1. Check A:ARG124, A:ARG117, A:ARG103 and return the single one that is touching a Gly at 6+ places or on another chain (Cβ under 8 Å) and among the charged types (D, E, K, R).
2. Can you name the residue in region A:305-318 that is closer than 23 Å to A:GLY8 by Cβ and of a type in the set (Val, Ile, Thr) and, of all such residues, is modelled with the lowest pLDDT?
3. Being of a type outside the set (A, V, I, L, M, F, W, C), within 18 Å of the chain's Cα centre (by Cα) and under 27 Å from A:GLU314 (Cα atoms), is that true of even one residue in region A:268-276?
4. Pull up region A:229-250, narrow it to residues that are surrounded by 19 or more Cβ atoms within 10 Å (Cβ to Cβ) and part of a loop (DSSP other than H, G, I, E, B), then point me to the one that is farthest from the other protein chains (Cβ to nearest Cβ).
5. Can you tell me which residue is surrounded by the most Cβ atoms within 10 Å (Cβ to Cβ) among those in region A:421-452 that are without any contact (Cβ under 8 Å) to a residue 12 or more places away in the chain and in a loop (DSSP other than H, G, I, E, B)?
6. Looking at B:LEU34, B:LEU66, which one is within 7 Å of chain A (Cβ to nearest Cβ) and at pLDDT 95 or above?
Amino acid sequence: MSLEVQLGIIVGYLLLALAVGLLAYRLAERTAEDFYLANRSFGTVVLLFTTFATLLSAFTFFAGPNVAYQQGPEWILVMGLMDGIIFAILWYVIGYKQWLLGRAHGYVTLGEMLGDRFGSRYLRGLIAAIGLLWLFPYVMLQQVGAGTALEALTEGALPYAAGAGLITAFMILYVVVAGMRGIAWTDTLQGAFMLVATWVATLWLLVAVGGPGVPTAGLAETAPGHLELGSAHYTPQWMLSTAIVIGFGVAMFPQVNQRFFTAGSRTVFKRSFVLWPILCVLLFVPSFLLGAWARGLGVEVPEGGNVLPAVLAEYTPVWFAALVIAGAMAAMMSSSDSMLLSGSSYFTRDLYRPFIDRDLSARREDTIARVGVVVFATAAFVASLYNPATLFELGDAAFSGFAQLALPVMVALYWRGTTRTGITAGIVGSQLFYLSALFTAVVPSTYAGWSAGIVGMCLGLALTVSVSAVTPSATEKRWDRSPLETNRDR
Amino acid sequence: MDWFEQKALPMSSSYHRQMGRIELAVWIVVAIVLSALAIPWFLWGDSRVFAGLPLWLWWHVGWMFLASVVFYLFATRGWGIGIDPPAEGGESR
């Protein structure tokens with residue numbers, strides 16, 4: 001009985017999202033700019049929720065509460081600083097500037113924008129390649145999360161591969177059909193749903209146990225250090241490194257960065273900016289407290305399992321727990337679908353067109369973009385079947401990898417003296433440094449408590465500025481933009 | 001919009017440029033303070049509980065609402081600073 005209820009809720013939810021996608025399809029034009037950016041037309045609610053839902057991955061519902069359960073609720077502070085403040089500031093500093101430039105010059109991707117600025121298709125290709133390098137494992141991670149969650153929820157009736165496969169097939173279907181507009185609409189639905197589900201879950205728990213004082217007092221007994229701000233795990237250096245690196249990484253994550261181009265107007269940007277901190281508090285506080293409180297209430301988490309489903313199973317009815325898991329599934333899908341779309345756009349726009357077929361028509365680019373989605377999703381699914389590492393490590397590495405791009409890009413956006421050689425040195429140098437820190441023992445991964453991610457960012461900044469200062473910039477000219485003209489000024 | 005429109009301003013608006021720079025500096029300081037105190041470092045090691053939640057969590061929640069108010073002020077008064085060309089106030093849309 002309960003299994004049928006659970007599967008029914010999840011399948012019903014998937015079908016609802018597909019219906020929204022089909023609705024969006026009817027409005028779409030058959031061009032790449034519409035497929036990727038919904039013709040730069042989003043309003044406040046859609047832009048805010050699509051970015052928000054895109055930001056939230058499996059992490060908010062699984063890995064995050066797990067950390068709060070094991071180490072204490074300080075994660076809320078890290079997430080608040082990173083997404084509510086740092087990302088909001090970058091929303092203006094990077095996002096608003098990118099939006100203006102994108103609207104004036106018809107840019108669709110970050111690589112396209114910088115390639116045009118420095119007159120280099122190699123720079124354009126480099127940024128796309130780096131984007132795909134980090135994006136791919138992250139998409140895979142979401143599929144791993146979906147497969148694991150479905151397997152746990154159905155107690156093995158739906159094996160891992162089948163669960164991950166189902167989610168992948170479904171995502172391909174509606175990304176290919178719906179494009180950015182469909183994704184943004186379903187994101188809005190998913191974002192609102194997650195927010196409501198989390199709050200209802202929290203209130204449900206609080207009513208069941210008799211108020212927040214009870215689990216908090218329980219936590220003070222079972223794990224006294226958890227209520228104290230800071231610990232051996234949560235050191236100031238670690239909290240700051242994590243918040244800064246991930247905050248900057250988010251702004252460079254292809255699916256988030258690309259959303260900077262989608263706003264319909266300046267007002268949309270302003271309103272979303274103001275609402276960021278509140279939205280973050282509204283979601284992160286309850287979801288991570290659920291994890292922390294579960295510890296205080298003595299909820300047992302099975303080996304390799306997640307705390308959120310465990311605490312819901314204990315205090316809420318089956319249908320409600322399934323609904324929240326569907327919400328978590330929504331979080332994963334709303335991140336993955338956008339990543340598929342952005343990954344595909346990086347490939348077609350910045351690798352295929354400049355290097356393989358320069359005379360690509362808008363109509364044909366639209367087709368290749370959709371094929372790209374299928375290839376990318378399928379490859380990530382196959383990789384997810386062999387996944388060796390844990391959710392957290394992979395996710396953390398992707399954010400830090402993207403964060404390495406942020407400072408060189410900011411320098412290029414604001415300093416006229418930036419040269420092609422300078423930004424290339426900054427990007428290549430910081431990527432090599434961070435990859436070495438991640439995969440080799442030669443480069444250490446921490447520096448007096450500060451992470452390699454943040455050290456790499458500083459290195460990228462220093463390289464970009466210093467190399468730009470000693471190299472000439474005069475001869476740079478924009479590369480042939482004629483294929484772009486077809487998409488401009490619409 | 002050119003990549004570096006701001007630099008193309010006529011010299012006659014030097015007074016406005018000067019004011020613009022001070023305003024920009026003020027907003028940068030505000031941004032740094034907002035980031036610096038989102039985590040209440042002065043409550044480090046504190047485990048006091050108020051109304052069922054750690055005191056430091058209440059500070060954070062309050063701070064985020066304050067941040068939203070500050071962002072609102074920025075959006076209404078300072079928006080475009082450092083990015084839009086100040087003379088024309090940018091494209092109006």
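1. Every option except A:ARG124 fails the conditions.
2. A:VAL318
3. No: zero hits.
4. A:TYR234
5. Among them, the one singled out is A:VAL443.
6. After applying the criteria, what remains is B:LEU34.
Listed here are the residues, each with its yes/no results for (1) among the polar types (S, T, N, Q); (2) crowded, with 24+ Cβ neighbours inside 10 Å; (3) at pLDDT 90 or above.
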position	(1), (2), (3)
A:PHE320	no, no, no
A:ALA328	no, yes, no
A:MET332	no, yes, no
A:SER342	yes, yes, yes
A:ASP350	no, yes, yes
A:ARG353	no, no, no
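Yes/no per residue for (1) over 30 Å from A:MET194 (Cα atoms); (2) among the charged types (D, E, K, R); (3) in contact (Cβ under 8 Å) with a residue 40 or more places away in the chain:
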site: A:PRO309; (1), (2), (3): no, no, yes
site: A:ALA326; (1), (2), (3): no, no, yes
site: A:ALA330; (1), (2), (3): no, no, yes
site: A:ASP337; (1), (2), (3): no, yes, yes
site: A:ILE356; (1), (2), (3): yes, no, no
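The values are calculated or read from the model by the stated rules, or taken from the named source; none is laboratory data. Remember, predicted model here, so these are calculated numbers, not experimental data. Note that each Cβ is placed from the backbone with ideal geometry, even for glycine, and that neighbours are counted across all protein chains shown.
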